[in-house]
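Visitor: The structure under discussion is supplied below as structure tokens; questions concerning it will follow.
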Amino acid sequence: MIELIIQYPVLAALLAMVGLSLVFGAVLGFAAVKFKVEGDPIVEQIDSLLPQTQCGQCGHPGCKPYAEGIANGEAINKCPPGGQTTINAIADLLDVEAPTLDEEHGEEKDLPTVAYIREDECIGCTKCIQACPMDAILGAAKQMHTVIIDECTGCDLCVEPCPVDCIDMLPLESTLGEWKWSLPPRSETLALNIIASDRKAHSEASA
Amino acid sequence: MRKVWDIHGGVHPPENKQQSMQQALASLPLAPELVLPLNQHIGKPAIAIVAEGDTVLKGQLIAKADGPISANIHAPTSGTVSGIEDRTLPHPSGGSGPCIVISSDGKDTWAELDACENYQTLDHNTLLEKIRSAGIAGMGGAGFPAAIKLNPRGNLKIDTLILNGTECEPYITADDTLMQTRAQEVVAGAQILAQLLGNPKSILIGIEDNKPEAIRSISKALSEVENNPIEVVSFPTKYPSGGEKQLIQILTGREVPAGKLPADVGVVCQNVGSTVAAYRAVRFGEPLISRITTVVGEALEIQRNIEVPIGTPIGYILEQHGFTAANVSRLIMGGPMMGFALNTADVPVIKTTNCILAPSRAEMPAPPPAQACIRCGMCAEACPASLLPQQLFWYSMAEDLDKLEAHNIADCIECGACSYVCPSNIPLVQFYRASKGAMKQHAIDKEKSDRSRARFEFRQQRIEKAEVEKEAKRAARKVAAEAAKAKLAAKQASEGDSPKTDDTADVVAAAIAKAKTQDISPEVQLAKLERALSSASSRLDRTLARAEEAEGEKKDAILARVKDAELKVSDAKNKLAEFQARENG
Amino acid sequence: MTDVAVILVSAILVNNFVLVQFLGLCPFMGVSNKLETAIGMSGATTFVLTLASICSYLVHSWILEPLGLEYLRTIAFILVIAVVVQFAKMFIEKTSPLLYRVLGVFLPLITTNCAVLGVALQNTTKAHNFFESALYGFGAALGFSLVLILFSAMRERLAVADVPAPFKGAAIGMITAGLMSLAFMGFSGLV
């Protein structure tokens, strides 16, 4: 049989290639079934890096939908509460470049803010309670409403629905316990200050 | 000669210890006002138990420890509490915090103390309680509550007690002075601590070899005690041998693993100052209300060690030592390696103030500007914790928190040896401190965001569940309604042609009639309308204010809301006017 | 035994596939940004290279040689390599989705990694037997992994270093690779 095939080289070549392809096709088919993957666990990993304020500033109704969006290729710089640190972390995870925050979706606030209900004016309508994605407002119909500061993420979603406009976003006071050292300036900037001519050129360039 | 080991790295900065040893230990006249911050230790601040106007005696408890990791605070002298207010704290941030301010009456009257002559007979818990209630915290500079360190977890067997008399930092001679003048108290304190720890096999007092008089003094005191198991160990001077983990390695050769405590390797280490304080607490019932502090620096006329009550303002101390503000380079609390600069002298001495350093400009010139890292690796050679400071530096600059953790930044004791040797004068320790703060903040943020995610998901579930229940109820009601209708139809069919009374229409008509005739008093109605008007107009004001602050697109959106609000206001005004017209007309 | 040592040392150091033979440069530059991805890529390539090397040998000696179809070597080997890579891709997708995501397009690009085809073809030119082919493939993979991991560790440090602006990114990476190549030339003559 082998001699027969050798006599007709074209036939031999065809048989060999087709035979190989069939065998390999079978192997791959088997592998496709055995190693089937459901869902996309990358979404969970992206979601764990987002700040969970559920504020909607990125255009999605929550952080999980935005994580799904990112997994589908959306830009990673749409989250103002997360700020540049979150963008860097997501870029690190996905091994892409870290762009700067897209200002269209809001600015990164320097100080964290929390909501504060002016209790004298509250009418107990529960509209803000329904709006809060974190259930951080304590209250019931016709009862006083108040914000649980520890759970408030500063997403501002409660301010709009209030019919008597009694909710303010106040900056969270930082106590001595939260004080921390700030990073000294980078050595590149420092190096520019040693040689006088560099110093002058640098200040002219930035002026 | 007992064997000593060596630690990795370390540096030899100029000691500068002789300036403060020229004069004997002195005391200052009592300051007129003493300020006691409620937080002078690691852990939660103490809670004040006195109020403004209270008279206090020396040694009286004025603030209680808040929980196990906290310390009591006692009045350092007799006087009146002139207030419990925010004062500037001796903290690198320069921030302020709550302090108990006592104006001294000059009499220095002691409160009643609980002295105990035969403390050797006291049981473990009583001894520990005496030390705890005396508010003793680590006086070498760390401020960790002593009672906790002296009570290690049950399963940990302590075989070595180390007394830290190293005092490796330049300029500081407080512990040296203590060991020379109160050697017997150091020894007695060591015995008490040993008793507390179940008499460990070795009791070592570690002293660097640049303090020969202190070594002599302690040795002499030890020789006066019979059968004493305590040993003085002197070892070559190097900074930072006085760090707890470093000293343990020098004296016992054991390395405390990363993230673990000395108790985990069977060692407890206590500063000699804290030891003496423990002795005085047990033997005489005296709480921790004063300490020995070195006052040194060329900007002062007098340089010496003083026994100073806790709470004495540093400004007062400087005045007493002939301080010239014009000459000083910067005012430092602590030593030149690990101390921090004070912006104002208006801060008090606290339990961990081992030195007040006021160098002149010539003595401590401004640091030269930092230059680029040349990757020489001298920092890694100097690090006593065997870390890689250069890598920590690069990752701190890149703010790469994961890599920092992987390089064990948590084990950095911030001794400053790396900054000291850096040929480019890079303030390395500042980078590590900032990074540690950033990591702490990151952990807090992560915890908060995880909690927020959980809350949000729970809320989604709750809403879904509510929807499902509503649907179920609606379906059930529909079924019930159909059943009722069917029954009614059946009933009507069986009764034949009875006049169909539209029951529902009747009921509604009756309700409308009732509402029309309901008697709402005019006052209540007026009040309601006025309230509506005032809320509408205040809403308008606020929206206007916001419109002024906003710009661009946001401004347009807010202006739209302004129009809305204006409509509401005019609406409310009209209703009110109508009502008033009706009432008056 | 010496044979084994010679083949391994030759494949890993002396004739290192990346730095001396300059094969497989695409994943070398593309996946070496982070150490974790480089380690993942090394694992994937080792798996593919060894398996592909064995399968190519088998196809060559059992099908192509007896039927006199050596001229179909290239296409047959590419077929083998493509299948092995596809298999590896499915395996990685299942076991480590993050690695799969991070390797991204470079995983199927192992198919076109000239180092893989290079090993397969070199096995035929050097007339290795089964064991030698497998060993040569494994050695080549080890050499690739070694260099990839070394390079990515260096690139990680370069990423946070004070590199002058014109050199940042791939430029300093290329220069570093060139210097590494110079260093590896020091191994020539070892075997």
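Visitor: Over region B:19-357, what is the mean sequence separation of C-alpha contacts under 8 Å (at least six apart), divided by residue count, expressed as relative contact order in percent?
Guide: 24 percent
Visitor: Can I ask one more? What is the gain in length, in nm to one decimal, between B:Arg531 and B:Asn118 on full extension, counting 0.36 nm per residue of separation less the C-alpha to C-alpha distance?
Guide: So the chain would gain 141.0 nm between B:Arg531 and B:Asn118.
Visitor: If you wrap a convex hull around the C-alpha atoms of region C:24-184 and split its volume per residue, what is the figure in Å³?
Guide: 114 Å³
Visitor: Right, another one. Calculate one ³J(HN,Hα) per residue across region A:93-101 by plugging θ = phi - 60° into the Karplus curve 6.51 cos²θ - 1.76 cosθ + 1.60, and present them in order as whole Hz with x for glycine and proline.
Guide: Per-residue couplings from phi come out as 5, 8, 6, 10, 6, 9, x, 7, 4 Hz.
Visitor: Please give the FRET efficiency for B:Asn343 paired with B:Ala510, using the beta carbon to beta carbon distance and R0 = 56 Å, rounded to the nearest 0.05.
Guide: It comes out at approximately 0.10.
Visitor: Determine which residues of region B:309-345 fall in the zone a paramagnetic label at B:Gln23 would reach in this model, i.e. backbone nitrogen under 17 Å from the point 7 Å along Cα→Cβ.
Guide: From region B:309-345, the list is B:309, B:314-325.
Visitor: Binning at 5 Å from 0, report for chain A what percent of all alpha-carbon pair distances ends up in each bin.
Guide: Bins of 5 Å from zero give 1, 6, 9, 10, 9, 10, 9, 8, 6, 5, 5, 4, 4, 3, 3, 2, 2, 1, 1, 0, 0 percent of pairs.
Visitor: Highest GNM mean-square fluctuation, chain C, Cα pairs closer than 10 Å: which of C:Tyr136, C:Tyr71, C:Tyr100?
Guide: C:Tyr71
Visitor: Something else: Among the trypsin sites (Lys or Arg not before Pro) in region B:216-301, which ones are in a DSSP loop with at most 14 other Cβ atoms within 10 Å of the Cβ? Mind listing them?
Guide: B:Lys260
Visitor: Computed FRET efficiency, Cβ-Cβ of C:Leu58 and C:Leu190, R0 35 Å: what is it to the nearest 0.05?
Guide: That pair, C:Leu58 with C:Leu190, gives E of 0.70.
Visitor: Can you list the HN-Hα couplings for region A:168-174, worked out from phi with the Karplus curve (6.51, -1.76, 1.60; θ = phi - 60°), rounded to whole Hz and with x for Gly and Pro?
Guide: 10, 9, 10, x, 7, 5, 9
Visitor: What is the distance in Å between the Cα centres of region B:73-143 and region B:331-360?
Guide: 20 Å
Visitor: If Rh is defined by the Kirkwood formula over all Cα pairs and Rg also comes from Cα, what ratio Rg/Rh do you get for region B:405-498?
Guide: Taking Rh as the inverse mean 1/r over Cα pairs, Rg/Rh reads 1.72.
Visitor: Now for a separate question. What distance in nm lies between label points placed 7 Å from Cα along the C-beta direction at A:Ile149 and A:Ser174?
Guide: 1.6 nm
Visitor: Where the Cα atoms of region B:292-418 are projected onto their three principal axes, how long is each span, largest first, in whole Å?
Guide: 49, 30, 23
Visitor: Also: Output the Cα-based Rg and Dmax of region B:520-584 in Å, rounding Rg to one decimal and Dmax to a whole number.
Guide: 14.8, 48
Visitor: Starting from a Cα-only point model with no solvent, please compute log10 I(q)/I(0) by Debye for chain B at q = 0.05, 0.07, 0.11 1/Å.
Guide: Here the Debye-derived log intensity ratios amount to -0.39, -0.60, -1.07.
Visitor: For region A:110-178, max minus min Cα coordinate along each principal axis, in Å, sorted largest first?
Guide: On the principal axes, region A:110-178 reaches 38, 23, 17 Å in Cα extent.
Visitor: So, one more: Report Rg (one decimal) and Dmax (nearest whole number) for region B:19-357, counting Cα atoms only, units Å.
Guide: Expressed in Å, the Cα Rg and Dmax of region B:19-357 come to 19.1, 57.
Visitor: With just the Cα atoms defining each centre, how far is region C:98-171 from region C:1-54? Give it in Å.
Guide: 5 Å
Visitor: In region C:151-191, which residues have a backbone nitrogen under 14 Å from the label point lying 7 Å from B:His442's Cα in the Cα-to-Cβ direction?
Guide: none
Visitor: I'd like the antiparallel share, as a percent to the nearest 5, of DSSP beta bridges with both residues in the protein assembly as shown.
Guide: Restricted to the protein assembly as shown, the bridges split so that about 65 percent are antiparallel.
Visitor: For an R0 of 25 angstrom, estimate the FRET efficiency from the Cβ-Cβ distance between A:Val23 and C:Thr74 and round to the nearest 0.05.
Guide: E between A:Val23 and C:Thr74, to the nearest 0.05, is 0.85.
Visitor: Give the lysines reachable from A:Lys34 as a straight Cα distance under 25 Å; neighbours fewer than 8 places away on the same chain don't count.
Guide: By straight Cα distance, A:Lys34 reaches C:Lys89, C:Lys94.
Visitor: Anything over 20 Å Cα to Cα? Flag those among B:Lys64/B:Lys440; B:Lys211/B:Lys260; A:Lys142/B:Lys573; B:Lys157/B:Lys245; B:Lys64/B:Lys245, in the order listed.
Guide: B:Lys64/B:Lys440; B:Lys211/B:Lys260; A:Lys142/B:Lys573; B:Lys64/B:Lys245, as the Cα separations exceed 20 Å there.
Visitor: Now a separate question. Normalised by the residues of chain B, what does the relative contact order come to in percent, with Cα pairs under 8 Å and at least six apart?
Guide: Worked out over chain B, it gives 15 percent.
Visitor: Only residues of region A:51-85 count here: report those whose backbone N is under 13 Å from the spot 7 Å along Cα→Cβ of A:Glu160, or say none.
Guide: Residues A:55-62 fall inside that zone.
Visitor: Name the chymotrypsin sites (Phe, Trp or Tyr not before Pro) in region B:348-399 that are in a loop by DSSP and that have at most 13 other C-beta atoms within 10 Å, would you?
Guide: none
Visitor: For the protein assembly as shown, what is the per residue volume of the convex hull drawn over the alpha-carbon atoms, in cubic angstrom?
Guide: Output value, Cα hull per residue: 342 Å³.
Visitor: Normalise the Debye intensity by I(0) for region A:41-105, one equal point scatterer per Cα, no solvent, then take log10 at q = 0.25 Å⁻¹ and round to two decimals.
Guide: Taken in order of the listed q values, log10 I(q)/I(0) reads -1.10.
Since every read-out is calculated from the coordinates, none of them should be taken as a lab result. Everything numeric here is computed off the predicted structure, so don't read it as measured data. Glycine gets a Cβ as well: all are built from the backbone with ideal geometry, and neighbour counts include every protein chain shown.
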